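Okay, structure first, notes after.
The values are calculated or read from the model by the stated rules, or taken from the named source; none is laboratory data. In this text, all values refer to a predicted model and were calculated from it rather than measured experimentally. Don't worry about glycine lacking a Cβ; one is built from the backbone with ideal geometry, like all the others, and counts go over all protein chains shown. Just so you know, the surface numbers come from the protein's heavy atoms only, side chains and all, with ligands and any DNA or RNA stripped out. Shrake-Rupley method; radii C 1.70, N 1.55, O 1.52, S 1.80 Å.
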Amino acid sequence: MPRRRPGALRAVQHGPRAGEFPPPERIHGLSARTSLAVHRVERLSADYYVHPGATDRALRRYRGFLEPPGRRPLYPQDAECSCRGCSFDDVRHARDVLDLVLEQLPARPRAELARRVAALDTVYLKRTLPDPFADRRHWSADLWWHRRLAGGREGG
Ligand SMILES: [Zn+2]
């Protein structure tokens, strides 16, 4: 089942609503200038999943997923709900959000965020395993971070 059924998305809202977010702060690991550019993209984006605070949450989620020490493989897990809050249970969604934001950023802030994401991507590639059946399994197999073995418990 695709994770993003447009009709179902707005029906459930477990995450914070627009307007309930605190004023812009510096985003985790980014310069003030880039944080501002990101906040602007988040405010203006028409994408349901790109909302104020989404980039900060995505970065923290991505980093947190990769944090367990050791060399055991890590396995992304499906989110049980496709609302913008619960979707972050799936680390691949965090990477999706970062990709969406990167697409919409101007060149300089995009380069800074891209460096942060690339550093995490390197670890993600090391800590997850390729899924040989990705083409059959995922609707989004064109995105490389979805072509990794998933399931079981996060953290292996
Ligand atoms: Zn939910």
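At-a-glance table
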{"read-out": "Subset tally (residues that are more than 17 Å from Arg148 (Cα to Cα) and open to solvent by less than 60 Å² (accessible area, probe 1.4 Å)) for region 62-87", "value": "10"}
{"read-out": "Positions within region 97-135 being modelled with pLDDT of 95 or more, of a type in the set (D, E, K, R) and open to solvent by 60 Å² or more (accessible area, probe 1.4 Å), in sequence order", "value": "Glu103, Arg108, Arg110, Arg115, Arg116, Lys126"}
{"read-out": "Pairs, first under 16 Å from Trp145 (Cα atoms) in region 101-121, second open to solvent by 60 Å² or more (accessible area, probe 1.4 Å), C-beta under 7 Å, six or more apart", "value": "Leu102/Arg110; Leu120/Arg63"}
{"read-out": "Residue selected from region 136-147 under the condition farther than 14 Å from Phe65 by Cα and at pLDDT 80 or above, by the criterion least open to solvent (accessible area, probe 1.4 Å)", "value": "His146"}
